[in-house]
Amino acid sequence: MDIFTTIQEGRAQFSPSEQRIADILLGDFEFAVNASIIELAERAEVSPPTVTRFCRNVGCQSFSDFKVNLAKTAFIGVRYLNPEAKSTEPKDVAEDVITKAQNALFMMHRALDPALLDKVADRISRAEMVYTFGSGGNSSMIATEMQNRLFRLGSRVTASNDHNMQLMLTAAARTNDVIVGSSFSGRNQDLARCFALARENGITTIALTQSDSPVARAAELVVGIDLPEGANIFRPTSTRFAFLAVVDVIASLVAYRNRKLSTVTLRHIKQQLVEHRDGDDRQILGD
């Protein structure tokens, strides 16, 4: 748990003096990150020892340790430290949903491993056949989106969200094929079983999932997507946007590797859309 959340959740247990310190941190986080112990004490109208005692109460050994933890929180971005939306007004709900989506994309961007993505794109770009697997609402959507992105680039690809079909497709796959599996929880045991079988048969397996999960441990290449979720059970998971962004990054890298094939395939698709639907090429490529 980050220091900001610790202060938020523990405020009610603080003494009145410590609550004044907490309110400054929660209300003016940027000041707190840059303030000295003297400056923070003066603004809260407490003594420096009170600030030190507050730091220890939130799990830090000293004020210096406390500042390090504050800096780690600030690294994520101060604008993402807003609490859950307390209003159900459309304007506030929209801000809550969109801010969480931005947060997911921001954190995913910072966590991406370019070398790993390059290796993933290389395997997919050279595959004779790409199988994309995912079960459940979100993971099925990601598997289908991977297919949607890759077929228009000239890749031979098929998606499946059925466990039995996934197992049969894995058994029928060849060594120059690639299996890409999506699992938001990383606990899809059927997908892990497919990965294990594929690896026994020398087939490349790529997982988009939580790091150090059963699915991740079963795969050869793992794009770890480890994002926190808020406490609002009514807001759809913002992690979806991170998965979609990863799919788009991988697809773009595949397109650049297979530039000639991708260009020809995209042109053929666009030609059909212009002739039979749009009448010109101003519309986006496909629905």
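The values are calculated or read from the model by the stated rules, or taken from the named source; none is laboratory data. These numbers come from a predicted model, not from an experiment. Glycine gets a Cβ as well: all are built from the backbone with ideal geometry, and neighbour counts include every protein chain shown. Surface areas here come from the heavy atoms of the whole protein model, side chains and all, with no ligands, DNA or RNA. Shrake-Rupley method; radii C 1.70, N 1.55, O 1.52, S 1.80 Å.
Restricting the stretch 22-37 to residues that are closer than 16 Å to D65 by Cα and of a type in the set (A, V, I, L, M, F, W, C), the residue that is farthest from the chain's Cα centre (by Cα) is I37.
Assess whether S238 counts as being closer than 14 Å to V130 by Cβ and in contact with a helix residue (DSSP H, G or I) (Cβ under 7 Å, 6 or more places away or on another chain). Before you say what the answer is, go through the steps one by one.
Numbers: closer than 14 Å to V130 by Cβ: no; in contact with a helix residue (DSSP H, G or I) (Cβ under 7 Å, 6 or more places away or on another chain): yes.
Answer is no for this residue.
What residue, among those in the stretch 213-233 that are acidic (D, E) and in contact (Cβ under 8 Å) with a residue 12 or more places away in the chain, is nearest to M108 (Cα to Cα)? Ranking the candidates gives D226 first.
Table: residues versus (1) over 20 Å from the mean Cα position of the chain (by Cα); (2) of a type in the set (D, E).
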{"site": "A121", "(1), (2)": "no, no"}
{"site": "E128", "(1), (2)": "yes, yes"}
{"site": "N148", "(1), (2)": "no, no"}
{"site": "R152", "(1), (2)": "yes, no"}
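Suppose we filter G154, G186 for residues that are closer than 20 Å to R240 by Cα, of a type outside the set (D, E, K, R) and either touching a residue at least 40 places away in the same chain (Cβ under 8 Å) or outside any strand (DSSP E or B) (or both); which single one remains? Only one candidate qualifies: G186.
In the list N138, N164, which residue meets the criterion of being part of a helix (DSSP H, G or I) and surrounded by fewer than 17 Cβ atoms within 10 Å (Cβ to Cβ)? Working first, answer last.
Numbers: N138 fails: surrounded by fewer than 17 Cβ atoms within 10 Å (Cβ to Cβ).
Exactly one of N138, N164 is part of a helix (DSSP H, G or I) and surrounded by fewer than 17 Cβ atoms within 10 Å (Cβ to Cβ), namely N164.
Give the residues of the stretch 25-59 that are hydrophobic (A, V, I, L, M, F, W, C) and open to solvent by 20 Å² or more (accessible area, probe 1.4 Å), sorted by residue number. Steps first, please.
Restricting attention to the stretch 25-59, the residues satisfying the condition of being hydrophobic (A, V, I, L, M, F, W, C) are 25-26, 29, 31-33, 35, 37-38, 40-41, 44, 46, 51, 54-55, 58.
Once the filter is applied, which keeps residues that are hydrophobic (A, V, I, L, M, F, W, C) and open to solvent by 20 Å² or more (accessible area, probe 1.4 Å), the stretch 25-59 yields L26, F31, V33, I37, I38, V46.
Among the numbered conditions (1) surrounded by fewer than 18 Cβ atoms within 10 Å (Cβ to Cβ); (2) in a helix (DSSP H, G or I), the only one that R174 does not meet is (2).
Is it the case, given these coordinates, that T73 is modelled with pLDDT of 80 or more, open to solvent by less than 50 Å² (accessible area, probe 1.4 Å) and either of a type in the set (A, V, I, L, M) or under 30 Å from L208 (Cβ atoms) (or both)?
Working: modelled with pLDDT of 80 or more: no; open to solvent by less than 50 Å² (accessible area, probe 1.4 Å): yes; either of a type in the set (A, V, I, L, M) or under 30 Å from L208 (Cβ atoms) (or both): yes.
Taking the combined requirement at face value, the residue does not satisfy it.
Conditions (1) farther than 14 Å from V254 by Cα; (2) modelled with pLDDT under 95; (3) part of a helix (DSSP H, G or I); (4) out of contact with any strand residue (DSSP E or B) (no Cβ under 9 Å at 6 or more places or on another chain), marked per residue:
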{"residue": "K119", "(1), (2), (3), (4)": "no, no, yes, no"}
{"residue": "D122", "(1), (2), (3), (4)": "no, no, yes, yes"}
{"residue": "E128", "(1), (2), (3), (4)": "no, no, no, no"}
{"residue": "E145", "(1), (2), (3), (4)": "yes, no, yes, no"}
{"residue": "N148", "(1), (2), (3), (4)": "no, no, yes, no"}
{"residue": "A192", "(1), (2), (3), (4)": "yes, no, yes, no"}
{"residue": "V223", "(1), (2), (3), (4)": "yes, no, no, no"}
